[in-house]
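Data first, discussion second: the structure below is written as structure tokens.
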Amino acid sequence: MLSALVNLARLARAGLVFAEHGVRFVPKGTPVPVALRLARLAALAIGVLTWPLRSTRAGANQTRIAAALADLGPSYIKAGQFFATRGDLVGRELAADLAGLQDRMPPFPEAEARRSIERALQQPVESLFAELGPPVAAASIAQVHKGVIEDEKGRREVAVKVLRPGVGRRFDSDLESFAFAARLIEWIDPRSRRLRPVAVVDTLKRSVELELDLRLEAAAISELGANTAKDEGFRVPQVEWTRTAKEVLTAEWIEGIHIDDVEALSAAGHDLTRLGTDVIRHFLRHAMRDGFFHADMHPGNLFVDPQGRIVAVDFGIMGRLSPRERRFLAEILYGFIARDYRRAAQAHFAAGYVPEHHSVEVFAQALRAIGEPLMGRPAEEISMGHLLGQLLEYTDVFDMQTRPELILLQKTMVVVEGVARMLDPRLNIWTAAEPVVEEWMRRELGLEGRLEEARMGAGKLGKALGDLPPFLLEVERVAGSFVRMAERGIRLDAETVERLAEAQSGRRGWLWLYVLLLLMAGWWAVLYFWPPF
């Protein structure tokens with residue numbers, strides 16, 4: 001109960017900050033549950049009380065939201081960016097507003113950064129870096145310094161990313177209140193459970209946990225680098241593993257032109273149309289071929305180096321797709337490219353995204369309603385990201401479970417398309433995507449894919465056969481024990497009694513463990529379901 005009160009106090013503080021900034025999340029005239037109507041009335045009352053505080057805070061709702069989230073700190077900034085990918089939860093309009101939220105914060109002192117580096121790497125900064133400059137960029141979780149390394153490999157510039165001191169503790173407390181709010185929403189409005197608010201907060205928590213361990217970001221850089229080593233026109237920075245720890249990440253410093261600086265790119269002689277096409281194709285190749293993609297490909301994280309290669313940085317947010325999801329994506333894109341809506345519909349059913357009690361034909365009809373209006377329209381008006389967004393809008397009509405992986409993919413695709421169209425406003429997204437989709441279909445569904453499936457199947461069969469002899473020997477041993485027991489009977493000698501006593505003592509230990517687990521389950525039930533009013 002105390003935990004519930006603490007979380008309510010944290011959420012109330014956040015509500016006051018939003019009210020102070022005049023934030024209105026639910027547009028007028030929008031039908032909402034009774035509980036949220038009461039919440040809106042409470043927000044209006046708070047707004048009246050805090051009117052003197054916010055009378056000078058004019059501006060659009062988007063500006064107010066950004067200002068409120070910035071005031072609330074790193075956790076809320078990260079949550080705002082995360083919910084920008086969840087239009088199904090917060091509405092498309094608010095999601096679009098949150099998409100413009102910039103993760104920029106004042107840097108923390110350089111002296112603190114140096115102490116963090118020395119604590120994490122167990123060496124003086126001077127022995128690690130020949131030079132270490134002031135912060136060049138600061139965000140909610142970490143900030144970046146430019147440094148220089150001099151060793152047997154020579155002199156080279158590096159980017160040194162350092163976590164904010166105490167940021168983990170702040171995130172833990174705020175995420176606890178987010179989880180409490182999600183449980184409360186599901187308790188108040190059972191209809192919200194289809195959107196899985198608790199699971200959404202869990203996803204946010206896992207995402208933040210990954211970002212708070214810079215070793216995992218370094219591993220993501222390494223994995224994406226290995227996947228794309230043979231891809232022409234794309235690369236990632238090299239990680240300096242000996243200068244990387246949980247709180248510090250050191251990687252190659254990238255010299256290049258920001259991909260949104262079109263004038264500078266043109267002046268340097270780069271082919272803008274090719275770069276726009278490459279951005280689309282590299283992203284789709286990473287998602288479909290590898291199932292591992294950079295999920296934060298906004299212009300600030302993309303450079304073009306002097307050789308004309310696209311270089312990605314900042315790997316805190318990555319997306320993964322299972323083979324089933326990759327096939328789903330390919331089938332969907334191919335179905336729309338070929339106007340084979342039934343095939344695209346069957347992909348939804350085969351992936352288990354649409355329950356079987358619905359009709360494939362009716363779902364194909366819904367897909368046709370999305371796809372046909374695109375035909376004949378100018379290339380610059382067609383967006384695969386928005387197409388996937390329309391598909392996700394059908395989740396309610398066809399009882400589709402929310403798929404966070406696909407929503408992250410859709411959000412990233414919208415951003416990537418925006419970057420591509422900035423480079424070439426008349427870029428045909430379908431034409432850019434078609435070779436990558438066809439390559440995937442040929443490799444995965446053609447002869448090569450069948451041979452790979454056969455190889456994997458043979459491997460699994462071989463493993464099963466390899467495990468069979470030990471299994472048969474164990475069966476024989478157990479069967480022999482039962483035969484001997486039947487022939488000789490059960491003897492209750494002193495040794496057997498002693499072993500039974502030991503076993504009984506062990507069972508008492510397990511009994512206490514079961515009681516403890518039951519008590520814990522009861523406590524969690526109180527936390528989950530006790531009305532905190």
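The values are calculated or read from the model by the stated rules, or taken from the named source; none is laboratory data. From a predicted model like this one, the values you see are computed outputs, not experimental measurements. Here Cβ is always computed from backbone atoms with ideal geometry, including for glycine, and neighbour counts include all displayed protein chains. Protein only, heavy atoms only, side chains kept; ligands, DNA and RNA dropped before computing areas. Shrake-Rupley method; radii C 1.70, N 1.55, O 1.52, S 1.80 Å.
Data table
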read-out	value
Top-ranked residue in the range 328-346 [being open to solvent by 10 Å² or more (accessible area, probe 1.4 Å) and among the aliphatic types (A, V, I, L, M); ranked as nearest to the chain's Cα centre (by Cα)]	ILE337
Residue in the range 422-435 that is at pLDDT 75 or above, in a helix (DSSP H, G or I), over 17 Å from ILE337 (Cβ atoms) and out of contact with any helix residue (DSSP H, G or I) (no Cβ under 6 Å at 6 or more places or on another chain) present	yes
Qualifying positions in the range 274-328 - among the small types (Gly, Ala, Ser) and under 17 Å from GLU223 (Cα atoms)	ALA287, GLY291, ALA295, ALA312, GLY316, GLY319, SER322
Residues located in the range 151-169, provided they are in a helix (DSSP H, G or I) and surrounded by fewer than 15 Cβ atoms within 10 Å (Cβ to Cβ)	ARG169
Residue list for the range 368-379, filter: touching a helix residue (DSSP H, G or I) at 6+ places or on another chain (Cβ under 8 Å) and modelled with pLDDT of 85 or more	ARG368
Filter pass, PHE303 being surrounded by fewer than 20 Cβ atoms within 10 Å (Cβ to Cβ) and among the aromatic types (Phe, Trp, Tyr)	yes
Some residue of the range 149-167 being closer than 25 Å to ASN7 by Cβ and without any contact (Cβ under 8 Å) to a residue 40 or more places away in the chain	yes
Members of the range 223-243 found to be open to solvent by less than 60 Å² (accessible area, probe 1.4 Å) and either closer than 25 Å to PHE283 by Cβ or without any contact (Cβ under 8 Å) to a residue 24 or more places away in the chain (or both), listed by number	LEU224, GLY225, ASN227, THR228, ASP231, GLY233, PHE234, ARG235, VAL236, PRO237, VAL239
Any hit, the range 380-395, residues being part of a helix (DSSP H, G or I) and modelled with pLDDT of 85 or more	no
